[in-house]
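Here the structure comes first, spelled out in structure tokens, and everything after it is commentary.
The values are calculated or read from the model by the stated rules, or taken from the named source; none is laboratory data. Everything numeric here is computed off the predicted structure, so don't read it as measured data. Cβ placement follows ideal geometry from the backbone for every residue including glycine, while neighbour counts extend to all protein chains displayed.
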Amino acid sequence: MSNEVPLLELEPGEVGLLLVMWITSGYMFIESYSFTGLDGLYPRIFSIAVFVLVSMLLFRNLLPEPLSQLVEGGGSLGVGGATADSDADDPDEQQADDESRGMTRKTAGVTTLTGGYMLFGYLVGLMWVTPIYVFAYLRWAEYSWTFSGGLALVMFGVAYGMRALFYFPIEQGYLHDLLLIVVPVVI
């Protein structure tokens, strides 16, 4: 008896992004035990939630039907589109093929922006990269300059507030540690 349902029915960029999120959540869970007391509770809970939700997205074809519909009902980065054996002469299938290429482009854009956010956040600090990422993403999604700039400022405030509330050193990255640069942030 063969299984006719593919295990992963996702674009390669989406699989890559989800796998990076999956591995990062596992790493975050393990590293959360380096915090003392209740300080590690938030990263532990968040990493478990990310791990479970990403697992549901990756293996949605294996989920029971109601849960599968719930997972697929939300927005996605590029699931679906045209089949591989589409006929170029049929206008409906040609339009579906064009939409599939557009979804692949969207998936690649989101993957690139998110990968850059993670890399530069690690290198120079999440507090500085978060507003740049938000602004770049919103401009890439063709939102207005004022909305993009305003939301980037709000997200800087959120990042600053998280730093003040949880005392996480998100204003410094690997390069700061490497070059012994101290970023004076007043709380």
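Results, tabulated for the structure shown:
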{"read-out": "Every residue from segment 149-168 that is of a type outside the set (A, V, I, L, M, F, W, C) and farther than 18 Å from Leu41 by Cβ", "value": "Gly149, Gly150, Gly157, Tyr160, Gly161"}
{"read-out": "Residue ID - farthest from Met118 (Cα to Cα), chosen from residues in segment 131-181 that are loosely packed, with under 11 Cβ neighbours inside 10 Å and of a type in the set (Phe, Trp, Tyr)", "value": "Trp145"}
{"read-out": "Index of the failed condition, Ser32 passing every other in (1) surrounded by 13 or more Cβ atoms within 10 Å (Cβ to Cβ); (2) within 25 Å of Arg105 (Cβ to Cβ); (3) modelled with pLDDT of 75 or more", "value": "(2)"}
{"read-out": "Any hit, segment 37-48, residues being under 16 Å from the mean Cα position of the chain (by Cα), at pLDDT 85 or above and among the aliphatic types (A, V, I, L, M)", "value": "yes"}
{"read-out": "Boolean, Tyr143 is farther than 30 Å from Leu180 by Cα, among the aromatic types (Phe, Trp, Tyr) and under 13 Å from the mean Cα position of the chain (by Cα)", "value": "no"}
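Per-residue answers, yes or no, for (1) within 22 Å of Val20 (Cβ to Cβ); (2) outside the structural domain of Gly16 (by TED's automatic domain parsing); (3) at pLDDT 80 or above:
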residue: Ala108; (1), (2), (3): yes, yes, no
residue: Leu113; (1), (2), (3): yes, yes, yes
residue: Trp128; (1), (2), (3): yes, yes, yes
residue: Phe147; (1), (2), (3): no, yes, yes
residue: Ala152; (1), (2), (3): no, yes, yes
residue: Gly157; (1), (2), (3): no, yes, yes
